[in-house]
Amino acid sequence: MRKTKDIPENYYQYKLKVEFFNKYIPSTQHDVKTLFRHMAEYEKKFRKDLHSFTDDELKVFLVSRKAESVRSLDNTLSTINKYINFCCEKGYVKREDNPVKSFNYKEAKMQLLNSNTSEYALFTAGEIMNIAMGADNAQDGVVLALLFEGLNNKKTFQELINLKYKDVDFDRNEIHLTDRTITITPKTAKLITNAYTQDEYLSVNGDKVRRYKMEKAGFILKGIRGEKQVKPERISQAIIRLAKIAGIKNLRATNVVYSGQNHYAKSLLREKGVMKGFTRNDLRETASRTLRYFGIPVNSNAENNFLLRLENDLDDIKPEKQTAIIDRLKRDKMLVKDLKKVYHNQCQVCDTNLTGIDELAYSEVHHIRPYNEAHNGSDEINNCLVLCPNHHKLFDLGILAINPRDFKSLIHIDEENSLNGKVVEFKHEVDKDNIRYNYKEIFLKRKIQVTN
Ligand SMILES: [Zn+2]
C-alpha cells in the first residue's frame, strides 16, 4: 500500500497527521490531505494543533472552507471528529469536549455554508430595492424594504405588523419605533407612502386575480376582510411570492434581514474609514451597534454569529479580514514574532521587507517606548512597530517618530524630510500613551539636542 506521498512538512505536526492517515484514511482519499494542508495554515495561525482548537477557532477554519452543501460540511466535520478522537485515545491531548459537537445542529451548519449556496444568501441594497419597487402590491414590496432597513422579523413580524403611518417622519426619513429610531432611504419612504395609499390587495393565482378591500386603521400594513391588522402569514407569503416573481430562490425574511445587517455594518466601517484595516475593537463595536440598530438583544452569541456572517461578506479585502480574525482571537496572546507575520515582514514605514524575496523576508520589531530599564516600556504588541533595519534605527535615534496629534503620521526631525506627514499603515492597535511618551522623551529630546 502506498503511504501518504505528499510532503509531510505541509502539515502542522506532521508525524501526528501521518500516523492518523496510516491508521484511518485510505491512500486514495485525497480530499482529506487537502483538508489537512488547508488546516495547517490555521494551525500555524493559532499556534496549536487542530486537536486543541476551541469552538471559535474551529469555526473560523470551517467558514474559510466555503462549503457548498451540508453534506460536504458533514464530511469535513466527520474527519475532524475522527482526528480529535484519535488524538485523545492516543493521549496526545486531554480534553473533555469535542468542538465538533457545537456544529452538529442545522442552524450552526447553515452559518458555515458559503453565502452563495441555496440555503443562505445575501443580497445587496440594489437587489432588494429592485424587487421591492417592482412588486405588484406595494404592500408586499414595503415588507422587503423595511426588513432590510432595520425592522425586526422576530416574534412573527410584530414590529412590522404594528407599524403605523404616524411613526414615520417623512421630513427626516426616519421611523420611530418603541425602542429605537431607524433611518430609511427616500425609496423606502416612497414605498411606505405607496403601501399606505393602496386600497385593494391583489391576489394573483395563475390567471385568476382577486381583489381584497383593505382596512384603514393607521397601520402601514393593512388587514383585509374586516381585520384591522395584517396576519403574519401574509407577510411570509408576500416574500415567497416576490421571490417567485424575481426568480430568486433564497429570498426569505431571515436572509433579507441578514443582508440589511451586513449592509448597515459595512456602512459603519466605511464611516470609520477602516474598511482596509479594521481591528477587533472596530468589529466588536460595529457588531453591537448593528444588532442594537436592528432591535436584537446584544450578547456574545448574537455578536459572534453576526461577525461570522459579516467576515464572510468582507472577503474582497481578504488579508485585512484575516488580520481582523487573528486580532479577535489572539490579541491578548499575540506575541511580538506574530506581529511580523501580520505585516508579512514589511516595514510599516516603507513597505519593503529588506531582501525583496518573500522566503527570506526580514523585518525588525521596534519598541515605541524603549524596552529597557531606563524607559520601562512593555513588550506587548501595543508598544511595537514592524520596521526595516533602516527605519528601525531612525526611530531608535529619535530622528523619526509617530505624530502624537493623529497617532498615525510620521514626523521627522528634519522638517524638510519627505517622510514628514506620511501615514503609517497600522494593522494592529498601538497604545497612544506609548506614542506620546516616545515623542516627548525620545524625539523631542533629540530635536532639542540637534537644534542647539
Ligand atoms: Zn523601512
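Quick rundown of the values:
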item	result
Odd one out for L268, checked against (1) touching a residue at least 12 places away in the same chain (Cβ under 8 Å); (2) over 25 Å from L177 (Cα atoms)	(2)
Pair list, Cβ < 6 Å and 6+ apart or interchain, from the stretch 411-430 residues that are outside any loop (DSSP other than H, G, I, E, B) to residues that are of a type outside the set (F, W, Y)	I411/A401; I411/N403; H412/L400; H412/L419; H412/N420; V423/K408; V423/S409
Options N452, N434, N417: the member that is more than 14 Å from L397 (Cβ to Cβ) and surrounded by 14 or more Cβ atoms within 10 Å (Cβ to Cβ)	N434
Filter result for the condition that a residue is farther than 21 Å from L242 by Cα and either among the hydroxyl-bearing types (S, T, Y) or part of a helix (DSSP H, G or I) (or both), over K166, K190	K166
Close pairs (7 angstrom Cβ cut-off, 6 or more residues apart or separate chains): surrounded by fewer than 17 Cβ atoms within 10 Å (Cβ to Cβ) in the stretch 146-175, of a type in the set (F, W, Y) anywhere	K164/F219; Y165/Y196
Exclusive hit being within 27 Å of L283 (Cβ to Cβ) and either out of contact with any Cys (no Cβ under 9 Å at 6 or more places or on another chain) or more than 11 Å from the ligand (Cβ to nearest atom) (or both), set E359, E425, E373, E416	E425
Near pairs, Cβ below 6 angstrom, 6+ apart or cross-chain, from the stretch 89-100 (within 14 Å of K17 (Cα to Cα)) to any residue that is among the hydrophobic types (A, V, I, L, M, F, W, C) and surrounded by 12 or more Cβ atoms within 10 Å (Cβ to Cβ)	V93/C87
Single condition K33 does not satisfy, out of (1) surrounded by fewer than 16 Cβ atoms within 10 Å (Cβ to Cβ); (2) among the charged types (D, E, K, R); (3) at pLDDT below 90	(1)
Members of the stretch 37-60 that are within 15 Å of N98 (Cα to Cα) and either assigned to a loop (DSSP other than H, G, I, E, B) or not charged (D, E, K, R) (or both)	D49, L50, H51, S52, F53, T54, L58
Test: residue in the stretch 342-350 that is within 15 Å of the ligand (Cβ to nearest atom), modelled with pLDDT of 80 or more, surrounded by fewer than 17 Cβ atoms within 10 Å (Cβ to Cβ) and in a loop (DSSP other than H, G, I, E, B)	yes
Failed item in (1) closer than 24 Å to K45 by Cα; (2) away from the ligand (no atom under 13 Å from the Cβ); (3) touching a Pro at 6+ places or on another chain (Cβ under 8 Å), with L354 passing the rest	(2)
Matching residues in the stretch 376-410 - criterion: being away from the ligand (no atom under 15 Å from the Cβ), under 19 Å from V423 (Cα atoms) and part of a loop (DSSP other than H, G, I, E, B)	G398, N403, P404, R405, D406, F407, K408
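The values are calculated or read from the model by the stated rules, or taken from the named source; none is laboratory data. Since this is a predicted model, take the numbers as computed values, not measurements. Note that each Cβ is placed from the backbone with ideal geometry, even for glycine, and that neighbours are counted across all protein chains shown.
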